[in-house]
Amino acid sequence: MMLRKRPDVLDLLVPLRRYARSLTRDPAQADDLVHDTLVRALERQGTLRPGTNLRTWLMTVLHNAFIDDQRRRKVEARYADALGHIVEEATPPAQEGHVRLAQVREAFQRLPAEQREALHLVTIEGLAYQEAADVLGIPIGTLMSRLGRARAALRTIESGGGSRLPAPEDAPERPRLRVVEGGNTARAS
């Protein structure tokens, strides 16, 4: 007499994905749907009664997740359409904003790499100063210095003091020191 093995969730991934692809008609959306199904199943595993067919239960969860997603998309589309009408009526032309954003982006990109990295981690990613210093592997004082120089450079551009920062290849090279006789140093040419 052969005992039939109870199906494991891993054994059901292929049928779940196949069903999800038939519903969504898109491999990427199908993968997302299977992922959502497994998350829901884990969250609701306490509702699974002993003796319930796991495959049927997971297919039901997948189907319900698909239906919920379709309903959500319809509601979002209605809201987006309604907001689109409001925005069309109330939004001034965006050209100035786009130009300004491009100027800020260009100024940011022209900052030296170490200043750009520090400014990005603190202002865009929202890391605390110590966290950003840890990410960069530098002391917090060095991070603060880089942030100060980056912000000063961007303020200079903002105030019209400089139309552009030098590109990294345009930046003046730091003078190199060389050792001369007697252990003294002199600027290399």
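The values are calculated or read from the model by the stated rules, or taken from the named source; none is laboratory data. Computed from a prediction, not measured in an experiment: that's the story for all the values here. We place every Cβ from the backbone using ideal geometry, glycine too, and count neighbours over all the protein chains shown. Calculation scope for accessible area: heavy atoms of the full protein, side chains included, ligands and nucleic acids excluded. Shrake-Rupley method; radii C 1.70, N 1.55, O 1.52, S 1.80 Å.
Given R₀ = 25 Å, FRET efficiency for Asp8-His35 by Cβ-Cβ distance, to 0.05? Walk me through the numbers before you get to the answer.
Values: r = 17 Å, r/R0 = 0.70.
For R0 = 25 Å, the calculated efficiency reads 0.90.
What are the ³J(HN,Hα) couplings of segment 127-133, residue after residue, when phi is run through the Karplus curve with 6.51, -1.76, 1.60 and θ = phi - 60°? Round to Hz, x for glycine and proline.
6, 5, 4, 5, 5, 5, 4
How much solvent-accessible surface does His85 expose, in Å² to the nearest 10, with a 1.4 Å probe and all protein chains in place?
Per-residue accessible area (His85): approximately 100 Å².
With unit charges on the beta carbons (Lys and Arg positive, Asp and Glu negative) and the dipole taken about the Cα centre of segment 22-124, which residue among Val75, Pro27, Leu38 sits farthest to the positive side?
It is Leu38.
Count neighbours as other Cβ atoms within 10 Å of each site's Cβ, and list the GluC sites (Glu not before Pro) in segment 31-132 that are DSSP loop with at most 14 such neighbours. Kindly include the intermediate steps, with their values, before the conclusion.
Working: sites: Glu43, Glu76, Glu88, Glu89, Glu96, Glu106, Glu114, Glu117, Glu125, Glu131; in loops: Glu125.
Loop-located and lightly packed - Glu125.
Please work out how much length the chain gains when fully extended from Arg151 to Thr52, using 0.36 nm per residue of separation minus the C-alpha to C-alpha distance, in nm with one decimal.
Result: 29.4 nm gained on full extension.
For segment 136-149, take each phi angle, set θ = phi - 60°, evaluate the Karplus expression 6.51 cos²θ - 1.76 cosθ + 1.60, and give the result in whole Hz per residue in order, putting x for glycine and proline.
With coefficients 6.51, -1.76 and 1.60, one gets 7, x, 10, x, 4, x, 5, 4, 4, 5, 5, 4, x, 5 Hz.
Taking K and R as +1 and D and E as -1, what net charge do the other residues with C-beta under 15 Å from the C-beta of Lys74 add up to?
With Lys, Arg at +1 and Asp, Glu at -1, the net is 0.
Can you tell me the length gained on complete extension of the stretch Asp81 to Glu131, counting 0.36 nm per residue apart and subtracting the Cα distance?
Length gained between Asp81 and Glu131: 13.9 nm.
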